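The values are calculated or read from the model by the stated rules, or taken from the named source; none is laboratory data. Here the structure is a predicted model, which is why all the values come from computation and not from measurement. Note: ideal-geometry Cβ built from the backbone for every residue, glycine included; neighbour counts use all protein chains shown.
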Amino acid sequence: MGEDIQAYNGGGWIATKLEWLINWGRKRSPWPLPYGTACCGIEMMCALASGYDMARFGAERPSFSPRQADVLIEAGTITLKMVPILKRIYEQMAAPKWVIAMGACACSGGVFRTYSTLQGIDRVIPVDVYIPGCPPRPEALLQALGMLIKKIEKSHPILHKRYSDFLVGY
Ligand code: SF4
């Protein structure tokens, strides 16, 4: 039990902060939306396989509907033609929502410094955790998920970042 929770076994009741309870539930079930667009997608699929046991984090259930997902894992290159699709998927996710940019292409365009490639997905949607590498190993995705869980733990349970605020800077 965390330090914010106090159990009184003798009396048969538990007292805690509501925000601790909400974040505890959220951090235990970060359902991922796997969005693999290139080679990094293979490493992401590998991480989702049984050998890496994402169920430890409550993230073993990939959601292919944005409306039922909490964490968008963008793994791979995004061309400019794909930008509207990526934005639409992010917009369709219900708040609170988080984004992991997996691999050099998702973080910065990677080796594809060309006119047709987006130079990092944070140019169009907010990113919470960046994973460097070309490609990163599945363990790196697990580490990123751990970092995201810590972030969720400390987040405000009701006030979330708004996409419209993010867009002001662009
Ligand atoms: S970072 Fe490397 S492995 Fe990942 S999608 Fe780009 S080129 Fe492929």
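Tabulated data
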quantity	calculated
Residues that are in contact with a Phe, Trp or Tyr (Cβ under 7 Å, 6 or more places away or on another chain) and surrounded by fewer than 16 Cβ atoms within 10 Å (Cβ to Cβ), drawn from the stretch 64-96	Q68, E91
Top-ranked residue of the stretch 133-154 - restricted to ones that are among the small types (G, A, S) and in contact with a Pro (Cβ under 9 Å, 6 or more places away or on another chain), ranked as surrounded by the fewest Cβ atoms within 10 Å (Cβ to Cβ)	A140
I121 being surrounded by 16 or more Cβ atoms within 10 Å (Cβ to Cβ) and within 16 Å of the ligand (Cβ to nearest atom)	yes
Wholly within the stretch 10-95, helices (runs of 4 or more DSSP H) carrying at least 2 residues that are closer than 22 Å to P157 by Cβ and of a type in the set (F, W, Y)	18-27
Those residues of the stretch 96-124 which are under 23 Å from N23 (Cβ atoms) and either in a loop (DSSP other than H, G, I, E, B) or touching a Ser or Thr at 6+ places or on another chain (Cβ under 7 Å) (or both), in sequence order	P96, K97
Condition check for E153: at pLDDT 95 or above and either under 13 Å from the mean Cα position of the chain (by Cα) or more than 19 Å from E43 (Cβ to Cβ) (or both)	no
Residue that is farthest from the ligand (Cβ to nearest atom), among those in the stretch 18-71 that are under 23 Å from L86 (Cα atoms) and among the charged types (D, E, K, R)	R67
Test result for V127, within 30 Å of I158 (Cα to Cα), part of a loop (DSSP other than H, G, I, E, B) and within 15 Å of the ligand (Cβ to nearest atom)	yes
Test: V83 is within 15 Å of the chain's Cα centre (by Cα), on the phi < 0 side of the Ramachandran plot and modelled with pLDDT of 95 or more	no
